[in-house]
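Novice: Below you will find the structure I want to go over with you.
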Amino acid sequence: MPSSVLRTMERPERMFGVVVVGVGRAGSVRIRDLQSPQLLPSPLKLIGFVSRRELGNINEAKQISLQDALSSTEVDVAYICSENVSHETYIRQFLDAGKHVLVEYPMALSLASAQELWKKAEEKGKILHEEHIELLTEEFAFLKNEVSGKQLLEGTLHFTGGPLEKDRFGFLAFSSIARLSWLVSLFGELAFISATMEEQKENQYQKVTVNLETVDKRPLTWIEERGPGMKRERHINFLFESGRLESIPPPAQGNKNIFLRDQDIFVKKLLGQMSSEDLAKEKKRILHCLGIADEIQKYCQHPKKEGPLGGAEGTM
């Protein structure tokens, strides 16, 4: 076997012990990916997982206590895959314990908290990575290609899906921030104009309609609608000077291994293989989206008769 091939099969010089906090859908996929053989040897080693439930072992991954995860010298990295409302607390605990952190979005439920966490990570010299698998999907790649070089006149992104409990996942603009991430990544920084919120708690129904503007003052509308029996679907209507885009083809490959691809990005950060320019660009985008979500929540909780540019009245 050629020496170049042998080198790719060698164990990485530095190994990072990982603990997964929370074993719902995302946490279970993270455990699977950490345990699965990779084409190239990974510098990540699963140490165990933390859960409020007594689960014993999961596919030979052992359950450990939160305190053991925080204090163990074997643990270098924490994957935070718990409910959104607990993200901020877990991030702070693991950063204070000197661990790197990967967290499923959103990292926090306010812009101020996110800024504080990022500052803490930088002071500790640790990586804080917020997952955004929505930017790794075939659907997003299609849209990115379709909008490239085109002049937007106006657009709408309408997402529907099952209910999300606010007590567990936070305000809808934060729990569904993936849609904001799409719009900002496609059209650049956006200004919040106004929002309306409709909620029927007895029916587990929520709908937020958000009016945004591009830097060129082009209107964008984001609608997030959730309730029992609602299919997980995205509806788009983007009008450009050159024509209209109204549909996204289904993914041909089913968006396989997108959590693993996100993990690869995290590993590049751990190994210092991502440029400071790219890191700063990513941080700016994430905080910008969290800032818009923050504005939406405040506007809907304290509705005004008009938004900054004469938007509609917010309601609860």
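Novice: I'm trying to understand the selection: among the residues of region 142-193, which are open to solvent by less than 10 Å² (accessible area, probe 1.4 Å), hydroxyl-bearing (Ser, Thr, Tyr) and either in contact with a Ser or Thr (Cβ under 9 Å, 6 or more places away or on another chain) or assigned to a helix (DSSP H, G or I) (or both)?
Specialist: SER181
Novice: State which residue pairs qualify: first residue under 11 Å from PHE159 (Cα atoms) and assigned to a strand (DSSP E or B) and inside region 215-236, second residue open to solvent by 80 Å² or more (accessible area, probe 1.4 Å) and modelled with pLDDT of 95 or more in any location, beta carbons under 7 Å apart, and separation of 6 or more residues or different chains.
Specialist: Listed by first residue and then by second, the contacts come to ILE236/GLU246.
Novice: Test GLY254 against the stated conditions and say whether it is open to solvent by 60 Å² or more (accessible area, probe 1.4 Å) and on the phi > 0 side of the Ramachandran plot.
Specialist: Numbers: open to solvent by 60 Å² or more (accessible area, probe 1.4 Å): no; on the phi > 0 side of the Ramachandran plot: yes.
So GLY254 fails the test.
Novice: Which of the residues that make up region 227-241 are within 21 Å of SER148 (Cβ to Cβ) and in contact with a Phe, Trp or Tyr (Cβ under 6 Å, 6 or more places away or on another chain)?
Specialist: Of everything in region 227-241, just one residue is within 21 Å of SER148 (Cβ to Cβ) and in contact with a Phe, Trp or Tyr (Cβ under 6 Å, 6 or more places away or on another chain), namely ARG234.
Novice: Out of all the residues in region 75-93, which are open to solvent by less than 20 Å² (accessible area, probe 1.4 Å) and over 18 Å from PHE259 (Cβ atoms)?
Specialist: Matches in region 75-93: VAL75, ILE91.
Per-residue answers, yes or no, for (1) assigned to a strand (DSSP E or B); (2) modelled with pLDDT of 95 or more; (3) more than 24 Å from GLU122 (Cβ to Cβ):
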| site | (1), (2), (3) |
| --- | --- |
| THR8 | no, no, yes |
| ARG11 | no, no, yes |
| LEU39 | no, no, yes |
| ALA78 | yes, yes, no |
| SER82 | no, yes, no |
| PHE94 | no, yes, no |
| LEU109 | no, yes, no |
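Novice: Right, here's the next one. When region 271-301 is examined, which residues are found to be acidic (Asp, Glu) and surrounded by 15 or more Cβ atoms within 10 Å (Cβ to Cβ)? So that I can check it myself, show each step before the final result.
Specialist: Looking only at region 271-301, we keep the residues that are acidic (Asp, Glu), and these are 277-278, 282, 294-295.
Hits for region 271-301 are GLU282, ASP294, GLU295.
Novice: For GLN67, which of the numbered conditions (1) without any contact (Cβ under 8 Å) to a residue 40 or more places away in the chain; (2) not in a helix (DSSP H, G or I) fails to hold?
Specialist: (2)
Novice: Determine, yes or no, whether LYS126 is assigned to a helix (DSSP H, G or I), at pLDDT 95 or above and open to solvent by 20 Å² or more (accessible area, probe 1.4 Å).
Specialist: Details: assigned to a helix (DSSP H, G or I): no; at pLDDT 95 or above: yes; open to solvent by 20 Å² or more (accessible area, probe 1.4 Å): yes.
Taking the combined requirement at face value, the residue does not satisfy it.
The values are calculated or read from the model by the stated rules, or taken from the named source; none is laboratory data. On a predicted model such as this, the values are computed, not experimentally measured, just so you know. For neighbour counting, all protein chains shown are included, and Cβ atoms are generated from backbone atoms with ideal geometry for every residue, glycine included. With ligands, DNA and RNA removed, areas are computed over all heavy atoms of the protein, side chains included. Shrake-Rupley method; radii C 1.70, N 1.55, O 1.52, S 1.80 Å.
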